[in-house]
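Q: The structure follows.
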Amino acid sequence: MTKDSPAFESLEQMADATATGLAQTAAGAAFQLFREKQFRRLARFEQLSQVEQDRIFNELVVGFVVLIMLLLEAPDLRVAGEFRDYLAGLNKTIPKAYVNHLRTLGVETNHLRDWEKLMDMRYEEYARDRHEVRAAAMQIESAEKSLDLDDLSKIQMLVPVQAVAIGCHHHICRGDTQGRDDLFKSTLRSLSMFYVELRVRLEGGKITPLTRARVALKRVLNRIGRRNRRP
């Protein structure tokens, strides 16, 4: 431990600090996507009120927060058993950490309750949707070839980010996703970069399986692109 390293008196204190850092990182990534010119153009910001733009930002923040939660509980996360237990406890504290962060910024109590409800609701939704995403991915991949263990591993690895991207896109568009595939691709790409970077760090730099997953993700994006070009 260096002289500048924070001193934690308990595992719980360390978990709280880590959860706060992760929650703020999620908010930062959401803001970066929100400010991208391409995203704003595809989301048709020039046609939206400030209230509607704020709603979209909130959905992005919640999407990135929930993605962290789903990653921390992913059954295929390559971490040691004792660290897995720590992460399992950590993922439940992240929404609370973000709400506490908002409290320090002076957000009113009634709005904090709304944030808590929204994060709980989206977590339940996206966690539930993982099963449908996995089944759909297996059906698509198996239509092209017989699946082996490597294929199944890649599918499993990408389930959290695809589930969040699909759900987040649906809410950004208020359910009207027809003709909005480019917006989905923009959202999925940003979530994927965030997901891969965080997962590499958690797994101690074990990038090889994630490299294969990136290839699978590019196939998903290309498949969407081909669908857009059809007459």
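The values are calculated or read from the model by the stated rules, or taken from the named source; none is laboratory data. What you see is a predicted model; the values in this text were computed from it and never measured. With ligands, DNA and RNA removed, areas are computed over all heavy atoms of the protein, side chains included. Shrake-Rupley method; radii C 1.70, N 1.55, O 1.52, S 1.80 Å.
Q: Per residue, how much accessible surface does region 156-205 expose to a 1.4 Å probe? Answer in Å², no decimals.
A: Ligands and nucleic acids excluded, the result is 39 Å² per residue.
Q: From the backbone phi of region 38-54, what are the Karplus-calculated ³J(HN,Hα) couplings (6.51 cos²θ - 1.76 cosθ + 1.60, θ = phi - 60°) in whole Hz, Gly and Pro given as x?
A: Working through the residues one at a time gives 5, 4, 5, 5, 5, 7, 6, 4, 5, 9, 9, 6, 4, 4, 5, 5, 5 Hz.
Q: Further question: Which whole-number value in Å² is the accessible area per residue of region 31-125, probe 1.4 Å?
A: The answer is 54 Å² per residue.
Q: Let me ask something else about it. Taking a ≥ b ≥ c as the square roots of the eigenvalues of the Cα gyration tensor of region 50-140, is the shape rounded (a/c under 1.5), prolate (a/b larger than b/c) or oblate?
A: Judged from the Cα gyration tensor, region 50-140 comes out oblate (a/c at least 1.5, b/c at or above a/b).
Q: Give the separation of the Cα centroids, region 122-173 to region 35-81, in Å.
A: With region 122-173 and region 35-81 each reduced to a Cα centre, they are spaced 17 Å.
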